[in-house]
Amino acid sequence: MFPLYDEKLAAEKCRWLINKIDSGEIALRRLSRTSQERAGQGLMLAAMLAKSNEDGSEKVFFACSGLSRRLEIVNPELESSFEIAPPIVSPAAVEDALSKNNREIHELTDRLKETGLSPKTVMELKERRLRLTDESLGRVFSLYKFHCADGRTRSLKEICGEYAWRTGRGGLPPTGTGECAEQRLLNLAFLRNMTPLSMAQVFYCDARSPDIALKGCFYPPCDSRCGIVLPSMLGLEIVYRDDDIIVVNKQSGLLSVPGRGSDKQDCVVNRIRRLFPFCMEQPSVHRLDMETSGLMVLAFNPAAHKSLSKQFQSGEVSKEYTALLDGVLAQKGIAAEGVMELTFRLDVDNRPHQIWDSVYGKKAVTEWKIDRVQDYHAPDGKRRPATRVLFLPHTGRTHQLRLASADSHGFGVPIIGDTLYGTCKPGERLMLHATSLSFTHPVTGQRMDFTSPPPF
């Protein structure tokens, strides 16, 4: 993951925290016995500077990762200068959830060390141990609930469901999910109705650790655990961010910009402005349809907005989409690659549909390349052939790729899950994802290239 917030101020606090731990003024108390192989193992420390949304006051928070240790203030003179974020679930509650199966899991492990076991017995013992382990992890994960930027509280089960919808990957999350230091900080900030201003995390270990060379090194949020939890807590998956721009991986079902009416205010723009109050009022420079997922770039300030807008208007921005079409294009005599020019306009009697109009329509130019034919596994369990297509739009017309696929003047084969120009069955989504985005940074002049694999 990319660092979510500016790190400068929080990094200074992390260095201060390390000095206080080394001097003994703040302690890292061990809460559980450590196995020989884990002796000297380090952990992540994190700091956050956050601002109250109620009175504007600022506060510094610290956190450590994992449940085996906790930060404690030894020097009472430090107590008023910061606050330590507690675990999201107490170690005692986690231990209690694990205790039911612990004994049998250990017994199975001991049995597997025995000699002379038949291959069948070994397989049965491993399968039994795996079932018990998954059951224990499921019991632990059911305890986790996270306070989020939108004021809601989401369970880890709900968050894992959102992750599966966003990425196409499901199953139990890794052990330790919910105990990363930055997850604790964000959880506390959102609980207190505060906006993070700066956040950073650093590796810490004592002098006996074999990883001593890494002490004081800063790291972004981890992909394996934070990559599951943080996008749901924030409401957005942040791919890149600096003082001028932000790139996000928009989820299907979320508006890009506000619509008309109070029920259409939840969107990428408003979520970004909630997370980053310094953001300009209208940061969007392009849009993705609500049902389309993938990469979007937005501007934090007017100068960046002007530069990016010019790049989009002049065709300097390169975009690539992946779509899954409901059928086999080759059977319709469609070439493996090519460029099509179509003309469409708004159907004023059936908004927001677009219709073919060779006289008054605006030209939409789309380059395509057929990737492959594959089986599509529908939510109802049925399979049918589908064609994976790469689209490179040369223009940016409304519903351009959906029309290039579904309209009779194009392929005549809709994208799977298209509610406007095809069919969308229960449990489906529009199989259209913005996989690649390339533009010139409005300040540095550097060419920026981003990719996002499709979740289907």
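The values are calculated or read from the model by the stated rules, or taken from the named source; none is laboratory data. Quick caveat, the model's predicted, so the values are computed rather than measured. All Cβ positions, even for glycine, are placed from backbone atoms using ideal geometry, and neighbour counts span all protein chains on display. Protein only, heavy atoms only, side chains kept; ligands, DNA and RNA dropped before computing areas. Shrake-Rupley method; radii C 1.70, N 1.55, O 1.52, S 1.80 Å.
Quick look at the values:
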| item | result |
| --- | --- |
| Of all residues in segment 379-433 being β-branched (Val, Ile, Thr) and touching a strand residue (DSSP E or B) at 6+ places or on another chain (Cβ under 9 Å), the one that is nearest to Ala364 (Cα to Cα) | Thr395 |
| Pairs with Cβ under 8 Å, 6+ apart, first in segment 280-292 and at negative phi, second among the small types (Gly, Ala, Ser) and open to solvent by 30 Å² or more (accessible area, probe 1.4 Å) | His286/Gly396; Met290/Gly253; Glu291/Gly253 |
| Residue within segment 277-289 that is polar (S, T, N, Q), crowded, with 19+ Cβ neighbours inside 10 Å and touching a helix residue (DSSP H, G or I) at 6+ places or on another chain (Cβ under 6 Å) present | yes |
| Exclusive hit being among the aliphatic types (A, V, I, L, M), open to solvent by 20 Å² or more (accessible area, probe 1.4 Å) and on the phi < 0 side of the Ramachandran plot, set Ala364, Ala406, Ala386 | Ala406 |
| Residues within segment 63-98 that are within 30 Å of the chain's Cα centre (by Cα), in a loop (DSSP other than H, G, I, E, B) and of a type in the set (A, V, I, L, M), tallied | 4 |
| Residue under evaluation Thr115, criteria (1) part of a loop (DSSP other than H, G, I, E, B); (2) under 30 Å from Asn193 (Cα atoms), criterion not met | (2) |
| Any helices (runs of 4 or more DSSP H) falling wholly within segment 147-259 and containing at least 3 residues that are touching a helix residue (DSSP H, G or I) at 6+ places or on another chain (Cβ under 9 Å) and either basic (Lys, Arg) or closer than 22 Å to Arg429 by Cα (or both) | 156-167, 226-234 |
| Test: residue in segment 130-138 that is open to solvent by 70 Å² or more (accessible area, probe 1.4 Å), part of a helix (DSSP H, G or I) and aliphatic (A, V, I, L, M) | yes |
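Here is a yes/no grid of residues against (1) open to solvent by 40 Å² or more (accessible area, probe 1.4 Å); (2) of a type in the set (Asp, Glu); (3) farther than 13 Å from Gly396 by Cβ; (4) at pLDDT 95 or above:
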| site | (1), (2), (3), (4) |
| --- | --- |
| Ser318 | yes, no, no, yes |
| Ile334 | no, no, yes, yes |
| Gly338 | no, no, yes, yes |
| Val348 | yes, no, yes, no |
| Arg351 | yes, no, yes, no |
| Trp368 | no, no, yes, yes |
| Val373 | yes, no, yes, yes |
| Asp380 | yes, yes, yes, no |
